[in-house]
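*Asks:* Could you have a look at this structure, given as structure tokens, before my questions?
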Protein chains: 2
Amino acid sequence: MSSNFDLRCMKRAFALAKLGAGRTSPNPMVGALLVREGRIIGEGWHKQYGGIHAEEAALLDAKARGESPSGAALYCTLEPCSFEAPDKHRRPCTGLIIENGVKNVFIAALDPNPRVNGGGVRALKNAGISVETGLLAEAEEELNRGFRTFWRLGRPFVHIKLASSIDGRIAAASGDSRWISCETSRKQTHRWRSFYDAVLVGSGCLAADDPELSVRLVKRGFKARQPLRVLLDSRLSIKEDAKILGAGEKGGKVIVFCAHNSDAAKRERLLALGAELVELERQKNGLPLAEVLKNLAGRGVRSVLVEGGAAVAGSFLREALWDRLSVFFAPLILGGHFGAVSGFAPRLVSEGIELGPLVARRSGTDILIECEPRKG
Amino acid sequence: MSSNFDLRCMKRAFALAKLGAGRTSPNPMVGALLVREGRIIGEGWHKQYGGIHAEEAALLDAKARGESPSGAALYCTLEPCSFEAPDKHRRPCTGLIIENGVKNVFIAALDPNPRVNGGGVRALKNAGISVETGLLAEAEEELNRGFRTFWRLGRPFVHIKLASSIDGRIAAASGDSRWISCETSRKQTHRWRSFYDAVLVGSGCLAADDPELSVRLVKRGFKARQPLRVLLDSRLSIKEDAKILGAGEKGGKVIVFCAHNSDAAKRERLLALGAELVELERQKNGLPLAEVLKNLAGRGVRSVLVEGGAAVAGSFLREALWDRLSVFFAPLILGGHFGAVSGFAPRLVSEGIELGPLVARRSGTDILIECEPRKG
């Protein structure tokens with residue numbers, strides 16, 4: 001039975017885990033805390049992909065403090081790993097935990113990676129360690145939703161973000177050049193970008209807004225890299241002076257998904273500008289999104305922020321390839337006859353899509369409404 | 001200087017005033033409280049149009065309790081009236097207050113009616129009574145917004161209510177036949193209907209939804225009448241078996257605004273069905289809304305709930321003839337290709353309408369976002 005004290009320790013472990021935000025993918029964020037007699041003797045987290053694991057970091061931290069982990073309790077946000085593999089950078093954590101004489105282990109949630117997934121718990125129990133799982137499991141689900149979505153569905157977590165007027169019109173879906181949403185909401189978008197592995201837009205959004213798709217408005221001290229920038233552009237209509245191409249120093253790598261029969265000369269010029277091109281078979285409704293996501297997953301992308309435009313957002317919604325929808329509603333009526341304005345209503349053949357529970361909160365002068373797909 | 005005790009007394013007076021909701025128009029709701037030595041000795045409110053005023057009711061209540069109002073404090077949500085007129089049913093309240101020896105009067109807000117508007121306060125002060133105004137003035141503004149809008153702008157308070165999917169599509173704007181919004185939100189709509197003098201829809205909404213526009217889903221014990229039902233139908237396209245016409249017993253009187261050149265035979269048949277017809281000169285964008293509102297104001301209508309459809313709501317927004325907008329966002333994506341679905345974006349020639357601050361709250365499974373026009 002876990003106590004209130006255990007809960008506080010696990011919360012602290014989550015706070016440690018989050019220090020790795022934006023740097024660990026495709027690995028998960030993990031935090032670990034060593035406690036003996038009500039006192040923290042070691043803290044660790046997974047600092048970056050390829051770096052040491054949280055459990056090992058906590059053990060090393062204890063030693064650096066002159067503390068012995070023997071007989072201590074260990075709080076891990078994720079099940080400790082238990083396997084060795086040629087593509088793995090570190091020794092299994094279970095071995096280190098056992099060797100160091102840790103007495104109890106609290107685990108928020110199991111590792112969905114089939115090479116672990118309960119194996120870590122078994123290894124610890126077999127060594128006579130007392131193990132309790134499930135403490136703040138829902139926090140782990142939220143923390144590593146990209147990692148978990150990948151293991152559950154074989155694709156990255158897809159978060160669609162849009163800005164809309166109260167009358168359902170979106171203009172600057174990218175939040176960059178022509179703003180519907182307020183500064184607070186734009187900053188939130190940049191904060192998301194800083195945590196996501198990739199940011200994705202369609203050619204319509206690119207033509208209308210020419211976004212840079214880099215993290216700028218928020219502090220990046222905690223963030224080692226810019227997200228991958230992904231463009232869906234079946235006809236390769238991107239202009240060669242697009243900001244997304246020119247801002248190579250500031251932003252992440254650019255990947256352009258296009259149709260097989262796209263202009264070869266233009267492909268060459270885009271390659272010369274540093275973009276990577278991926279050709280896919282065009283479907284009735286445009287590029288095959290499931291294949292786009294599969295390709296991204298193969299590159300280690302575990303989370304994608306879809307920033308528009310309307311057509312791309314609508315396609316992900318229609319094909320049920322999404323996990324979270326965030327719409328910033330601005331105190332504005334844009335009406336039906338105003339420039340680039342359009343709704344984001346997807347072309348549905350069915351009677352509409354029922355969504356999961358809506359959650360609303362204030363975001364500056366906007367109202368942010370968020371939801372996930374309806375379950376069951 | 002008003003005390004915390006005074007504030008509590010005034011709040012009680014507002015609670016009394018609200019007991020008249022839906023029955024006092026075109027008069028305002030008013031509540032009054034007589035207090036002596038920290039004890040309530042009389043309570044009154046304006047129960048219905050033509051009935052006795054709140055102040056007189058409180059004085060009569062004190063007498064019925066065997067209490068003397070002499071030396072007491074009176075809390076009024078609205079400035080006591082001070083004039084006599086042939087169209088007025090009661091003696092001026094100021095005279096009654098003075099005669100009864102009331103010592104102090106607390107008034108939330110002045111009466112905007114130019115025949116009072118400060119005259120009540122002056123009459124009381126001239127009689128040596130101590131008067132303080134402004135205690136919970138903003139509550140009075142909200143309570144009698146229809147009454148105040150009429151005196152400020154010469155037209156009723158216009159409240160536009162819509163139900164939208166998250167992607168900005170509205171179908172059943174009336175909330176009656178084809179529902180986007182949840183039961184809680186539909187009940188809220190019926191609650192509004194029970195407080196408003198009139199409910200207004202356009203012919204598009206009527207054709208799509210055939211709403212009854214009566215108060216049904218909420219208790220009507222406190223409500224003496226059904227709101228006037230107003231239809232904007234320039235071409236007189238209403239079907240003679242429309243529910244709005246047949247449900248005469250259940251609903252309020254039906255007024256149809258149509259264009260001058262409408263079908264005379266049909267007009268006759270509608271008259272025979274109990275509807276009243278008003279012919280107006282059709283403008284470029286349809287019926288002249290300012291004239292519609294003026295006509296309604298002339299009938300004593302101080303508040304109108306505009307329930308759609310999209311075209312009518314958009315017209316009121318475009319012409320800046322509105323005071324409150326309430327949009328129920330449902331957990332639903334309707335998409336662009338689904339039956340009667342359309343957005344409510346008005347046809348604007350300008351760059352959009354900036355709105356006042358948005359306020360969001362949960363309404364069952366919907367999120368209700370409300371705003372007023374932007375000030376200044």
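*Asks:* Looking at chain B as a GNM with Cα springs under 10 Å, which of B:245, B:270, B:153 has the largest mean-square fluctuation?
*Replies:* Of the options given, B:153 has the highest mean-square fluctuation.
*Asks:* Let me ask you something else. Say each of residue A:250 and residue A:184 gets a label point 7 Å from the Cα, pointing the same way as Cα to Cβ; how far apart are those two points in nm?
*Replies:* 2.6
*Asks:* Alpha carbons only, please: Rg and Dmax for the protein assembly as shown, in angstrom.
*Replies:* 33.1, 100
*Asks:* At 0.36 nm per residue, minus the direct Cα-Cα distance, what do residue B:99 and residue B:19 gain on full extension? Give it in nm, one decimal, please. All intermediate terms of the calculation are to be shown ahead of the outcome.
*Replies:* Values: separation 80, 0.36 × 80 = 28.80 nm, distance 2.68 nm.
Gain in length upon complete extension: 26.1 nm.
*Asks:* For residue A:354, place a label point 7 Å out from Cα along the Cα→Cβ vector, do the same in each other copy, and report the separations in nm, one decimal, smallest first.
*Replies:* Spelled out, the distances from residue A:354's label point are 4.1 nm.
*Asks:* Counting only Cβ atoms, what residue of chain B lies nearest to the axis that sends chain B onto chain A, and how many whole Å off?
*Replies:* Chain B residue with minimal Cβ-axis distance: B:168, 1.
*Asks:* Need one word for the stretch A:19-111: rounded, prolate or oblate. Basis is the Cα gyration tensor (sqrt eigenvalues a ≥ b ≥ c); a/c below 1.5 gives rounded, then a/b vs b/c decides.
*Replies:* Working: a/c = 1.72, a/b = 1.51, b/c = 1.14.
Prolate shape, in that a/c is at least 1.5 and a/b is the bigger ratio.
*Asks:* If the label for residue A:300 sits 7 angstrom from Cα along the Cα-to-Cβ line, what are its distances to the same label in every other copy, in nm to one decimal, shortest first?
*Replies:* The projected label point of residue A:300 is separated from its counterparts by 7.7 nm.
*Asks:* Using only Cα atoms and rounding to the nearest 10 degrees, what angle (0 to 90) does helix B:289-298 make with the longest principal axis of chain B?
*Replies:* 40
*Asks:* Let me ask another. One decimal, nm, shortest first: give the distances between the label point of residue A:71 and those of the same position in the other copies, each label point 7 Å from Cα along Cα→Cβ.
*Replies:* Label-point distances to the other copies, shortest first: 8.0 nm.
*Asks:* Continuing with this model, one more query. How would the stretch B:248-326 be classified by its alpha-carbon gyration tensor: rounded, prolate or oblate, with rounded meaning a/c under 1.5 and the a/b versus b/c comparison settling the rest? Each step should come with its number before you reach the end.
*Replies:* Values: a/c = 1.92, a/b = 1.34, b/c = 1.44.
Note, shape of the stretch B:248-326 comes out oblate.
*Asks:* Still on this model: Excluding the sites themselves, what is the longest stretch of chain A that contains no chymotrypsin sites (Phe, Trp or Tyr not before Pro) in a DSSP loop with at most 15 other C-beta atoms within 10 Å? Don't skip to the end; give the middle numbers.
*Replies:* On the way: sites that count: A:49, A:83, A:222.
Counting at most 15 other Cβ atoms within 10 Å as exposed, the longest clean stretch of chain A is A:223-376.
*Asks:* Moving to a separate point now. Tell me the Kirkwood hydrodynamic radius of the stretch A:94-150 in angstroms, computed as one over the mean inverse distance between distinct C-alpha pairs.
*Replies:* Every distinct Cα pair counted, the radius reaches 12.0 Å.
*Asks:* Could you give the semi-axes, largest first, of the ellipsoid that matches chain A, computed as the square roots of 5 times the alpha carbon gyration tensor eigenvalues and rounded to whole Å? Could you put the intermediate results ahead of the total?
*Replies:* Values: eigenvalues 345, 101, 70 Å².
Largest first, chain A gives 42, 22, 19 Å.
*Asks:* Starting from the 7 Å offset along Cα-to-Cβ, what nm value, one decimal, do you get for the label separation of residue B:137 and residue B:49?
*Replies:* With each label placed 7 Å out from Cα toward Cβ, I get 2.9 nm.
*Asks:* Between residue B:225 and residue B:374, with labels modelled 7 Å along Cα→Cβ, what's the label distance in nm to one decimal, could you check?
*Replies:* Using points 7 Å along Cα→Cβ, the separation is 3.8 nm.
*Asks:* For the stretch A:182-316, treating each Cα as an identical point scatterer without solvent, what Debye log10 I(q)/I(0) comes out at q = 0.12, 0.19, 0.22 1/Å?
*Replies:* Cα-only, vacuum Debye calculation for the stretch A:182-316: -0.44, -1.12, -1.50.
*Asks:* Distance from the Cα centre of the stretch B:6-49 to that of the stretch A:126-140, in angstrom?
*Replies:* One Cα centre to the other: 61 Å.
*Asks:* With the Cα gyration tensor of the stretch B:267-307 giving a ≥ b ≥ c as the square roots of its eigenvalues, does the rule (a/c under 1.5 for rounded; else a/b larger than b/c for prolate; else oblate) give rounded, prolate or oblate?
*Replies:* Working: a/c = 2.01, a/b = 1.21, b/c = 1.66.
It is oblate, given that a/c is not under 1.5 and a/b is not larger than b/c.
Values quoted throughout were computed directly from the atomic coordinates according to the rules given, and no laboratory measurement underlies them. Quick caveat: nothing in here was measured; it's all calculated off a predicted structure. Cβ atoms come from the backbone with ideal geometry, glycine included; neighbour counts cover every protein chain shown.
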